[in-house]
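Everything on this sheet refers to the single structure shown next.
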Amino acid sequence: MKTYKIDPNQITTYSRRSNSNFLKMLIIVMAGFSALTYFTYINDNTSQNDINIHIISMGITFLMLIANAFNSLKFGRIMAENMIYTIDENTISRSIDMSHETRLNFMHKLSLKQLENSPLYSKFISIQLDNIQSCELKSGNLVIKSKNANSVTGKGIIYIPKEIEHFDELKRRFL
C-alpha cells in the first residue's frame, strides 16, 4: 500500500488553482448584483440619502462576501493538507480526515458539518482497480472514473491534482 499527499510546497498553488473559479464567479455575481440593484432602485424621485444608504449596504454586503471568500480559501487549504490518496493492490482511494484538525474556526466547522450532511460530498471515495473505466488528464489533473461513475454527484470519480507528490509516477501507472 502506498499513500500520497499534496506536496506541502504546492499546497498554496493547489488552493489558488482550485479556488480561482470560485473567486471569479464571486466577483462577477457581486458586480452584476450591485449594478442590477443600483439601476433598478435609482430613479428621478430617489433622494440622495436613499442612494447613500443603498451604496453603504452594497459595500457591507461586498465586504461580508469577501471575508467569507477568504475564510473559504483557508478552509480549502486545510482540506487539501488533510487529503490522502491511497493505492494498494486492489483499490485507489481518496480520504479527507479532519477529525484531528485544530485550526478550524466556527465557520469551518459549520461548513464541514454541512458538507458531511450533503449527499454530494464524501470524505472517502474508493474505486476497485478492476472497476476503472477511464483515466485521463483534465486541466492537468488525473481523473479516474469507475464503470459506475456519476458526473453529477461525483461518486465513482477520483480527481488527483497535479500538485500531489510523485504525480508523474501516478500518470505512468494509470495512463
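The values are calculated or read from the model by the stated rules, or taken from the named source; none is laboratory data. None of these values were measured; they are calculated from a predicted model. As a convention, Cβ positions derive from the backbone with ideal geometry for all residues, glycine included, and neighbour counts pool all protein chains shown. These accessible areas exclude ligands, DNA and RNA; they are computed on the full protein's heavy atoms, side chains included. Shrake-Rupley method; radii C 1.70, N 1.55, O 1.52, S 1.80 Å.
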### Query
Would you call LYS109 part of a strand (DSSP E or B) and of a type in the set (Lys, Arg)?
no
### Query
Is at least one residue of the range 9-29 open to solvent by less than 60 Å² (accessible area, probe 1.4 Å) and touching a Phe, Trp or Tyr at 6+ places or on another chain (Cβ under 7 Å)?
no
### Query
Of all residues in the range 89-106, which are outside any loop (DSSP other than H, G, I, E, B) and in contact (Cβ under 8 Å) with a residue 12 or more places away in the chain?
THR91, ILE92, SER93, ARG94, SER95, ILE96
### Message
Quick check on this structure: which one of THR46, THR86 is at pLDDT below 90 and either surrounded by fewer than 16 Cβ atoms within 10 Å (Cβ to Cβ) or part of a loop (DSSP other than H, G, I, E, B) (or both)?
### Response
THR46
### Query
Pairs, please: C-beta under 8 Å, at least 6 apart or cross-chain, first residue within 16 Å of ILE27 (Cα to Cα) and in the range 51-74, second open to solvent by less than 70 Å² (accessible area, probe 1.4 Å) and not in a helix (DSSP H, G or I)?
ASN71/ASN105
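Filter the range 103-122 for residues that are open to solvent by less than 50 Å² (accessible area, probe 1.4 Å) and modelled with pLDDT under 80; which is nearest to THR153 (Cα to Cα)?
Result: TYR121.
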### Summary
Of the residues in the range 75-88, those that are in contact with a strand residue (DSSP E or B) (Cβ under 9 Å, 6 or more places away or on another chain) and touching a residue at least 40 places away in the same chain (Cβ under 8 Å) come to ALA80, GLU81, MET83, ILE84, TYR85, THR86, ILE87, ASP88
### Query
If you take the residues of the range 123-162 that are open to solvent by 50 Å² or more (accessible area, probe 1.4 Å) and of a type in the set (A, V, I, L, M, F, W, C), which of them is nearest to ARG173 (Cα to Cα)?
LEU137
### Summary
Taking the range 49-74 and keeping residues surrounded by 14 or more Cβ atoms within 10 Å (Cβ to Cβ) and either farther than 30 Å from LYS5 by Cα or touching a Ser or Thr at 6+ places or on another chain (Cβ under 6 Å) (or both) leaves HIS54, MET58, THR61, PHE62, LEU65
### Query
Can you spot a residue in the range 11-24 that is in a helix (DSSP H, G or I), out of contact with any strand residue (DSSP E or B) (no Cβ under 6 Å at 6 or more places or on another chain) and more than 20 Å from SER139 (Cα to Cα)?
no
